[in-house]
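Have a look at the structure below before the remarks.
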């Protein structure tokens with residue numbers, strides 16, 4: 001990515017906390033290649049079209065993300081009709097699994113003074129008697145890349161003596177799609193693009209599907225063992241520092 005000056009680099013890539021600048025966790029993990037994203041860009045009509053879909057998809061995901069966070073702390077936001085199925089499914093899931101969060105740890109900025117990075121956690125939650133980091137995603141799947149991000153949060157947070165009981169992490173995926181009433185195919189509409197997954201019970205002739213109304217999808221996965229993921233995160237951080245050595249030296253983050 002091109003930066004015009006040091007201030008732009010600092011603004012886009014990190015946070016200033018207590019007078020010190022720290023790179024953001026999400027910027028660091030972006031150094032890892034994403035084959036699925038590259039394939040999507042390769043299949044798109046043009047780079048501009050792929051960017052437009054990506055940006056619109058991000059806006060839709062942010063809408064779900066922000067709405068769910070408000071619901072977690074007891075607020076009653078207006079539910080945009082476009083995401084109502086996803087939100088309904090989340091509310092039912094949260095009630096069934098008795099997900100509890102602390103409002104002081106929603107969208108909370110954290111940092112790691114030893115390894116010198118910062119991030120913003122979605123939530124700390126109590127689920128099934130366990131206390132851990134809850135990271136909310138609106139993707140079509142739970143990707144292993146998420147473990148790098150959440151392991152960085154775990155290492156930073158477990159250094160806090162007030163969070164001594166923190167011992168696990170979860171990825172909570174919230175999405176919505178339509179199902180074909182004939183063949184079992186699914187269609188996910190996001191970013192202005194409809195993506196159809198192959199049916200499990202045969203195929204409709206010439207893709208003549210009969211789609212259901214949108215339905216919410218919620219998936220929760222726990223990843224309690226995070227140390228190996230954190231080692232990989234530190235490796236990614238080292239590579240990110242190498243890639244951005246010029247700017248990091250310019251702002252005196254690196255000697």
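With respect to residue 226, is the statement that it is in contact with a strand residue (DSSP E or B) (Cβ under 7 Å, 6 or more places away or on another chain), at pLDDT 95 or above and within 30 Å of residue 10 (Cα to Cα) true? Give the steps one after another, and end with the answer.
Details: in contact with a strand residue (DSSP E or B) (Cβ under 7 Å, 6 or more places away or on another chain): yes; at pLDDT 95 or above: yes; within 30 Å of residue 10 (Cα to Cα): yes.
Answer is yes for this residue.
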* Restrict the check to region 50-72 and report whether at least one residue is in contact with a strand residue (DSSP E or B) (Cβ under 6 Å, 6 or more places away or on another chain) and farther than 30 Å from residue 91 by Cβ. => no
* **Answer residue from region 227-251, given it is within 16 Å of residue 26 (Cα to Cα), in contact (Cβ under 8 Å) with a residue 60 or more places away in the chain and out of contact with any helix residue (DSSP H, G or I) (no Cβ under 7 Å at 6 or more places or on another chain) and is surrounded by the most Cβ atoms within 10 Å (Cβ to Cβ) among those** => 244
* To do: Considering only residues that are outside any strand (DSSP E or B) and touching a strand residue (DSSP E or B) at 6+ places or on another chain (Cβ under 8 Å), look in region 1-24 and name the one that is surrounded by the fewest Cβ atoms within 10 Å (Cβ to Cβ).
  => 10
* Within the bounds of region 101-117, is there any residue that is more than 24 Å from residue 23 (Cβ to Cβ), assigned to a strand (DSSP E or B), touching a residue at least 12 places away in the same chain (Cβ under 8 Å) and touching a helix residue (DSSP H, G or I) at 6+ places or on another chain (Cβ under 6 Å)? -> yes
* Asked: Somewhere in region 181-193, is a residue on the phi < 0 side of the Ramachandran plot, in contact (Cβ under 8 Å) with a residue 60 or more places away in the chain and not in a helix (DSSP H, G or I)?
  -> yes
* Asked: If residue 49 satisfies every condition in (1) free of Cβ contacts under 8 Å to residues at least 40 places away in the same chain; (2) assigned to a helix (DSSP H, G or I); (3) within 20 Å of the chain's Cα centre (by Cα) but one, which is the exception?
  -> (3)
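Matching residues to (1) free of Cβ contacts under 8 Å to residues at least 60 places away in the same chain; (2) within 30 Å of residue 232 (Cβ to Cβ); (3) not in a strand (DSSP E or B):
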residue	(1), (2), (3)
26	no, yes, yes
33	yes, yes, yes
55	no, yes, yes
64	no, yes, yes
78	yes, no, yes
86	no, no, yes
90	no, yes, yes
93	no, yes, yes
* Asked: Which residue, of 215, 188, is under 30 Å from residue 99 (Cβ atoms) and surrounded by fewer than 16 Cβ atoms within 10 Å (Cβ to Cβ)?
  -> 215
* Structure fact -> Of the candidates 220, 254, 166, 148, the one satisfying the condition of being crowded, with 16+ Cβ neighbours inside 10 Å, on the phi < 0 side of the Ramachandran plot, in a loop (DSSP other than H, G, I, E, B) and touching a helix residue (DSSP H, G or I) at 6+ places or on another chain (Cβ under 8 Å) is 166
* Asked: So residue 70 clears everything in (1) modelled with pLDDT of 95 or more; (2) not in a loop (DSSP other than H, G, I, E, B) except one condition, right? Which one?
  -> (1)
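The values are calculated or read from the model by the stated rules, or taken from the named source; none is laboratory data. The shown structure was predicted, so the numbers you read here are calculated from the model rather than taken from an experiment. Glycine gets a Cβ as well: all are built from the backbone with ideal geometry, and neighbour counts include every protein chain shown.
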